[in-house]
Structures are given as C-alpha cells and as structure tokens.
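Right, one structure below, let's go through it.
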Amino acid sequence: MLRRNIRPALSLFLLLPGLALLFIPGCAGDGSSSDAEPDKITVLLDWTPNTNYSGMYAALEQGFYTEENLAVEFIQAPGSVIQIVSGGKAEFGVSYQEEVTFARLAGYPVVSIAAVLQHNTSGFASLKDKNITTPADFSGKTYGGWGSPVEEATIKALMEKDGADYSTVTIATTGEVDSLIVIEQEADFAWIYYGWTGVEAELKGMELNFIQLRDIDPALDYYTPVLVAGEALIEENPELIQRFMRATARGYRFAAENPAAAAEALLANAPELDRELVMASQEWLKDKYQDDAPRWGLQERERWESYTQWLFERGLIEEMIDVDKAFTNRFLE
Amino acid sequence: MKKWANTAKRSLPGALAVLAVLLLWEALCRVADVAVSKLPPPSAVILSLYHNASLLAEHSRATLAAVAAGLSLSVLVALALAVFMDRHSWLKQALYPLLIISQTIPIIALAPLFLIWFGLGLTSKIVVVALVCFFPMAINLVEGLEQVDPETINLLKVMQAGPAMIFRSAQLPAVLPYFFSGLKIAATYSVMGAVIGEWLAARWGLGVFMLRSMRSYQTANTFAAILVVVVLSLLLFKLTELAAWLAMPWHRHKSVYPEE
C-alpha cells in the first residue's frame, strides 16, 4: 500500500537530474574543429559587449584568430576580470590602467599588454542648460556616480586646477543607474565614456556639455580600456600571446577601416545590443583605437608614470608601482 | 469537471488583479508620458518579447540548464544531509546552525569567488542555484523527518526492518509533504539564482540578456527578460505542485486543488 505510493516520488528524483542532462549538452557543445586542434583561449570582458571590443569580434568574424589557430571565447565578467585572469582561469581580460595599478598593488600579477583606445575618452557630462562647461562650474552641483575615492579625487583635482572649492559639491551614489537618467533627475553631472553613453545621448537628441578629462589635465590621459594577461602566462607561453595579439591588432585595424563590418561583427556576437547605438558608436570610435600612436595598442611609459604619480600624490595609492612591470609593448611587434 | 470549474473560479481574482495592474501601468505610462527608457509600458514589453523571442529562448535554455542541475544537486545534498542529521542527533545539533548560516550569506558578494573556484562555465552557476535552493530543501526535510511517528519506527524495528526499509515505508511518505513544500520554494528561487550567477560572468543566459539590454539602454528588453524569469519560475512552481499531486495521492485533498 505504502510502497505503491512511493514509486512516483522516487521516479521524481531520477527525473530532475535527467532534465538537467537534457539541457546541458546543448549549451556545452559549441563547434569544435576536427583537424589541427586550435588552442582554446578565453577573453574576459569587463563590461557588456560594446564597441571597445569590436576589434576582437572583428578578428573572430574575419577568421584572424582561426588563422593563428586560436579558438577564442568571450565571456562578460564585469567586476571579476583581474581575479580570474591572475588566477589563470582565463588567458586575457579587458581592464583599465587604474584597475591594473590597484590590482598590482594588491598582489594580483596582471600586466597590460595593449591599449585598446589610445586616449582616455571619458569625461564629465551634464545637460546643456545646466551650463557646466568648466570644472569650476561643478561648484554647488551634485555629482552622480559610484562615489569611489578616485572619482572624488578626480573631481577635486580638476576643480582645484580651476581655483574652485570642491567642498561645495554633493556626491550622490547612483551606482548602476543609467548616467543619462542620472543627469536628468538625480544629479547635475556624471562620469561617462563618450563613445557609448555620449553617442547614445546624441541619438536620443539630448544636448550635453562634455568636459573630457585629458583636456583639463594630461595626467588623466590614462589608458582605458587595456588588454591584460597574467604574468604566469607571459612567462610560460609568450608565443600564445604573440599569436593572440597579432590577430587582435589586425582586428582593430580592420575595425578602424571598416566600422560597419566591425559593428556587424559585434552585433553578431551580442544581438541583444541596440543596432543603431552600435553603428553610431562604431563610427565615432573608429579613429580612436590607434589615434596618434605609430601602431595600434602601443602604450607609453610616460603616461603610465604620470597617472601613477597622480594617484600617489593624492594618497589614492600608498606606494608607486613599478610601471615597467605593469605594462609591456613586446607583443605588439 | 467540477474540479476544473472550481479551479477556474479560484484563479479568477488573481488573474483579474494582474490584468488590472497591467492596465493601470499601461495607462500611467501613456498619460504621464513616461520615457520608455525609464518605465516601459506593458505593450512595449510584449512587443520586445515578440521581437526577441528566439534569442530569449536560447538564453532561457542556458538558464534552465543551470536551474535543473542546481536544483537537482540541492535536492540530493539536502536529502542526504537531512537523513544523516535525523539518524544522529549530535550531527543535527552540530549542523543546524551551519545550515542557517548558509542562508544568511549574501550570495551576490560570494558569487564572484565562485567564478574563481568553479570556473566561468556552467558549474559556477549550478553552485549558486544549489546554494539558493539548498536551504529551503534542507530545513523542510529535517523538520519533516522530525515529524515521523517514533512508534511506527519502533514497530518496524521490532519487525526486523533495516534502515533502508524504515526510510522507505515510514519516513519517506511522512516527509514527502515537507519535501514538496521545500521544493516549491526552492524551485521558485532557482531561476533567480541562475540569473545572479549569469549576471557575474557568462556567455549565455537570461542574466546576460538583461545586463546587455540594460547597458545598451533598452529597458523594454530588460523587462521582457524579467517577464521570462517570472514565467519560468511560475512554471517550475506549478510543475512542483503537479509532481506533489501525483506523488501523494493521499495528500491531494489537503494541499492542492482542495474541493471544499
């Protein structure tokens, strides 16, 4: 009597793992090649896919990675790139100079191996009718952002340069909230990357004032974003990095020359994105990858040095890092 | 027939309430002329659902894989642990506080570490789901086993029944209602658990879809993904109810589809 009732319950235990098996092969089984086994590498993205990464997606779609016998997988991992790359669970990642600096001080052995964009395209945006055209105009206004020490120090430094009083600025923590909504209702100005958020504002017909960091202080022309690799990989398998970087550099040159195709490559790998924004952003960004550098990706010691110095002088880092260990151009031959 | 009519009658207020909220929401968006990027009206969400159907289906598949595996894992671990805890009271005393502590851990803070411990693939998502689902399962099972009539167990022991026999014929039937109420809670949370895991690092999954649409300012798409999460969670809940109904014929009048 009891036993009869129990059977269906027992079969349930078997049913659930069975269900799991049903789904798993479909997800794990992405195409694998039959001939010369390509080297599988993982690239971690520090944000959701966007036009900063287009060169890599172009290299993927154009077969540049395949030519180097690489099977590249991109995974968005905002917030954990450094830990995972230095832990060796992924070969490459996207980061930025400030993060690399803090990471190295914290003992994470990551190295910047290329500057994706030659110059810092970020800055402070506000609605046109607020009339914030210089850092002095921040006085008495509210800033919306993450409220991190570096943000505060940056605002302070810019204002002091203009002879304004930082203490009159209110800092509001708005975190993940869309910056364009933040400057419309929660705050007066926010820190944005023009190539994405600024372009989105243009598409929406919002009129912005934009104060680009590097126009105010050359020390703030730090590298963002950069590609990083772990010291262990550089030590053990420089040849793999060489191949990855050769194809990646080709991809970024391709993206600069064929923005529409690069945008398509990005969209093919992230169809969730807004096509109009991707196209417009790509057009805006195409000359910014290499910009005035002799080759795509090159980093200057001076720029690393001066931003590290800047961070140190403001007490944001307690000691200087050895910048020669923090970045390298050796994979950009 | 009467049963179905009853069921329909009872779900009517719920359906009407949902409909009323949706209509009010739509009206509010239209009257107040709210920007779609701030609060998309239900119509925009439905439209986005339609346009992204195949993409959402693909992302859902990845999420469901993590859900199915994580939920199964949590059920198996919770069951094994509960049985051991029931057999040895010192183990129960030792582990019960740990069980509760496991639930108080803010997963969102720990999940980035899971990526490092368990890799970037499906495993780390499975672990997050399992951790979310484990607690309601374990607590309910422990409690259920406590309710087994000791007299019955003594009687079976007198009749020379081994532990396996006792479990099958006395403990399991008694614990099933608790098992299913735990599973209902776990199943409902499981999709959210998977989304948290995907939010942190993934190639596929509803969490990936949400984050990408959010970051490219497509709020209606984000809401569409939320809707999919809600529907999947509800389906899992209903599936659990159905399984409970099938597995416990003697319990039907008590929990599901009461006939008054």
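Summary table below
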item: Distant-in-sequence amide H partners of A:Asn258 (H built 1.01 Å from N, under 5 Å); result: none
item: Theoretical gain in end-to-end length, A:Ser167 to A:Thr134 [0.36 nm per residue, Cα-Cα removed]; result: 10.2 nm
item: log10 of Debye I(q)/I(0), alpha-carbon scatterers only, for segment B:51-251 at 0.10, 0.17, 0.19 Å⁻¹; result: -0.49, -1.09, -1.25
item: ³J(HN,Hα) computed for each position of segment A:115-131 - Karplus, 6.51 cos²θ - 1.76 cosθ + 1.60, integer Hz, glycine/proline x; result: 8, 5, 10, 6, 10, 6, 9, 8, x, 9, 10, 8, 5, 3, 6, 7, 6
item: Listed pairs A:Lys204/A:Lys286; A:Lys89/B:Lys92; A:Lys130/B:Lys38; B:Lys9/B:Lys125; B:Lys157/B:Lys184 exceeding 29 Å between Cα atoms; result: A:Lys89/B:Lys92; B:Lys9/B:Lys125; B:Lys157/B:Lys184
item: Choice from A:Ser148, A:Ser95, A:Ser179 with maximal GNM fluctuation in chain A (Cα, 10 Å cutoff); result: A:Ser148
item: Axial C-alpha extent at least 20 Å, average Kyte-Doolittle at least 1.6 - helices from chain B (DSSP); result: B:122-146, B:219-247
item: Per-selection Rg to Rh, segment A:122-220 - Cα, Kirkwood hydrodynamic radius; result: 0.93
item: FRET E, pair B:Leu16, A:Glu319, Förster distance 51 Å, beta-carbon r, rounded to 0.05; result: 0.20
item: Average beta-carbon neighbours from other chains, 10 Å sphere, peptide B:64-73; result: 6
item: Test item: A:223-234 mean partner chain Cβ contacts at 10 Å; result: 0
item: Gaussian network model of chain B, Cα within-10 Å springs - most flexible of B:Ala66, B:Ala202, B:Ala186; result: B:Ala202
item: Chain B - mean residue ellipticity at 222 nm from DSSP helices (-39,500 (n - 2.57) per run, n ≥ 4, rounded to 500); result: -27500 deg cm²/dmol
item: Sum of side-chain charges, A:Thr48 neighbourhood, beta-carbon under 11 Å (Lys, Arg +1; Asp, Glu -1); result: 0
item: For the protein assembly as shown, convex hull volume per residue from C-alpha positions, Å³; result: 199
item: Cross-link partners of A:Lys288 among aspartates and glutamates (Cα-Cα below 17 Å; sequence separation of 8 or more within a chain); result: A:Asp215, A:Asp221, A:Glu257, A:Glu300
item: Dipole in debye (nearest 20) - the protein assembly as shown, about Cα centre, beta carbon charges: Lys, Arg +1; Asp, Glu -1; result: 3580
item: Environment charge of B:Ala174, counting only residues whose C-beta is closer than 13 Å and scoring Lys/Arg +1, Asp/Glu -1; result: -4
item: Among B:Leu234, B:Leu73, B:Leu113, residue whose mean-square fluctuation peaks in a GNM of chain B (springs only between Cα atoms under 10 Å); result: B:Leu113
item: 3J(HN,Hα) from dihedral phi, segment A:77-85, Karplus parametrisation 6.51/-1.76/1.60, rounded to Hz, x for glycine, proline; result: 9, x, x, 10, 4, 4, 4, 6, 5
item: Inter-chain Cβ neighbour average for residues A:271-280, partner chain, 10 Å; result: 4
item: Amide H contacts under 5 Å for A:Ile317, placed H, 5+ residues apart; result: A:Phe312
item: Antiparallel bridges, percent of DSSP beta bridges restricted to chain A (to nearest 5); result: 55
item: Efficiency of FRET from Cβ geometry, A:Phe102 and A:Arg330, R₀ 22 Å, rounded to 0.05; result: 0.40
item: Selection from A:Phe74, A:Ile171, B:Gln171 lying farthest towards where the dipole of the protein assembly as shown points positive, charges on Cβ; result: B:Gln171
item: Cα gyration tensor shape of segment A:80-184, rounded if a/c is under 1.5, else prolate or oblate by comparing a/b with b/c; result: prolate
item: Local electrostatic count, A:Ala249, Cβ distance below 12 Å [Lys/Arg +1, Asp/Glu -1]; result: +3
item: B:Leu98 paired with B:Arg30, simple spin-label distance in nm, labels 7 Å along Cα-to-beta-carbon; result: 5.8
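Readers should treat all values here as calculations from the given coordinates under stated rules, not as data from a laboratory. Bear in mind that the values here come from a model prediction, so they are computed numbers and not experimental data. Positions of Cβ are generated from backbone atoms using ideal geometry, with glycine treated the same way; all protein chains shown enter the neighbour counts.
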